[in-house]
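What follows is one structure encoded as structure tokens, with my remarks underneath.
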Amino acid sequence: LIARMQPFGTTIFAEMSALATSTGSINLGQGFPDTDGPAEMLAAATAAIEGGRNQYPPGPGVPELLDAVAAHQQRFYGIAVDPRSQVLVTAGATEAIAAVVLALCEPGDEVVTFEPYYDSYAATIALAGATRRTSVLRFPDFSVDEASIRAAFSSRTRLVLLNTPHNPTGKVFTREELELVAALAREHDAWVVTDEVYEHLVFDDAEHVPMATLPGMFDRTITISSAGKTFSATGWKVGWLSGPVEAVAAARTVKQFLTYVASGPFQPAVALALGLGDPVYAGLRDSLQAKRDLLCSALEASGLEVSRPSGTYFVIADAAPLGAVDGLEFARRLPGITGVVGVPVSVFHDDEDAARTLVRFAFCKKDDVLREASRRLAAAG
Ligand code: PMP
Ligand code: GLN
């Protein structure tokens, strides 16, 4: 394995899911729902398979999904994109991130991102031979530190890799925070790649603000999302990106040689799902908000300090009262202590001291699973 990929070994999600299986623990580690998305969408996938849509789809994506992504951007955010030249379907958001970073970064370029960051960011930046420069979001409020994000930019900054709503913190970036990032990107003539896979999982009165809607930002912003989160279909690996023609064309060139195409029969099903009515979107959000409250209350009742998330389906708790000292070591012991698996936040950091005792739990699970996890955590606390 080449030197720059050696730090990446096996992903934390694979390790923790295997641990959940081998110890018979409740898996609140890897983020995936334990219920299916809309029935109409599932039926559409079955119909596509039985209807013979089982060969390579067109490289950029099936036309009805390209149209549906464009219509979605217009419907929810008033963003106008041309479905043929400004949208690209990818094998999940993961491939979208990789295609854009590999398409836009030369070796030696710098990529600015916040930490903790989603694990594929660091690996993808390394694949491109680029260098990451980070700004830390600190527990428990995870607000942006202006001096530190400013210091992460330099004359070599090529792009900013942003994620809102943010995994693993559950933070939804405020308009002011996004405006600061936008101003820095303009100042350094950098692209903004914004990972908005949790765009519809936003709670209370928090508002998801897409970077592409800020004044003057559409022309330098590539927006990424995925059916995995919005429609509880993480295994389908249907994602997409949209943005200015030249950036989408660049990503399309690279994407051809990553997977070429993927998920043929699932693409028309996701196209149908994107067009479903507002109650479908609201239903998932409301159900997750209740699950958030259930798990957060249980964690707090067990004596843990939690950062109540405004978005995503993750919550970070400080596990110091359970005896945590080192995040990774503790996450490996947690199933033995509690019968519940979480993910150590330190693995998403360059600065591990920023998150030594923090553990991320996923709450996209059936209520009875969350209640049993709560009971086990309380017994251990
Ligand atoms: N970005 C973030 C922030 C995520 O949490 C995930 C999924 N866990 C992805 C990207 C990857 O999405 P996909 O499964 O569609 O590749
Ligand atoms: N995005 C999911 C998470 O953060 C996991 C995805 C994966 O396993 N790569 O838990």
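In region 269-288, is there at least one residue being touching a helix residue (DSSP H, G or I) at 6+ places or on another chain (Cβ under 9 Å), among the basic types (K, R) and part of a helix (DSSP H, G or I)? No, because not a single residue in region 269-288 is touching a helix residue (DSSP H, G or I) at 6+ places or on another chain (Cβ under 9 Å), among the basic types (K, R) and part of a helix (DSSP H, G or I).
Taking the criterion of being assigned to a loop (DSSP other than H, G, I, E, B), of a type in the set (S, T, N, Q) and either within 16 Å of ligand 1 (Cβ to nearest atom) or within 19 Å of the chain's Cα centre (by Cα) (or both), the residues of region 1-34 that qualify are T10, T11, Q30. Each residue in region 349-367 was checked for being more than 16 Å from ligand 2 (Cβ to nearest atom) and within 17 Å of G31 (Cα to Cα), and 2 of them qualify. Elements of the type strands (runs of 3 or more DSSP E) sitting completely within region 303-381 and holding at least 3 residues that are touching a Lys or Arg at 6+ places or on another chain (Cβ under 9 Å): these cover 314-318.
Okay, residues lined up against (1) at pLDDT 95 or above; (2) within 21 Å of the chain's Cα centre (by Cα); (3) away from ligand 1 (no atom under 16 Å from the Cβ):
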| position | (1), (2), (3) |
| --- | --- |
| A96 | yes, yes, no |
| E115 | yes, yes, no |
| A126 | yes, yes, yes |
| G129 | yes, no, yes |
| T134 | yes, yes, no |
| P140 | yes, yes, yes |
| V144 | yes, yes, yes |
| A147 | yes, no, yes |
| T157 | yes, no, yes |
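The strands (runs of 3 or more DSSP E) located wholly in region 57-141 that include 1 or more residues which are touching a helix residue (DSSP H, G or I) at 6+ places or on another chain (Cβ under 7 Å) and within 20 Å of K255 (Cα to Cα) occupy 87-91, 110-115. Scanning region 342-364 for residues that are of a type in the set (D, E, K, R) and touching a strand residue (DSSP E or B) at 6+ places or on another chain (Cβ under 8 Å) gives D350, D351, R360. One residue stands out among those in region 146-193 that are polar (S, T, N, Q) and part of a loop (DSSP other than H, G, I, E, B): the one that is nearest to ligand 2 (Cβ to nearest atom), which is N167.
The values are calculated or read from the model by the stated rules, or taken from the named source; none is laboratory data. All of these numbers come straight from a predicted model, not from anything done at the bench. We place every Cβ from the backbone using ideal geometry, glycine too, and count neighbours over all the protein chains shown.
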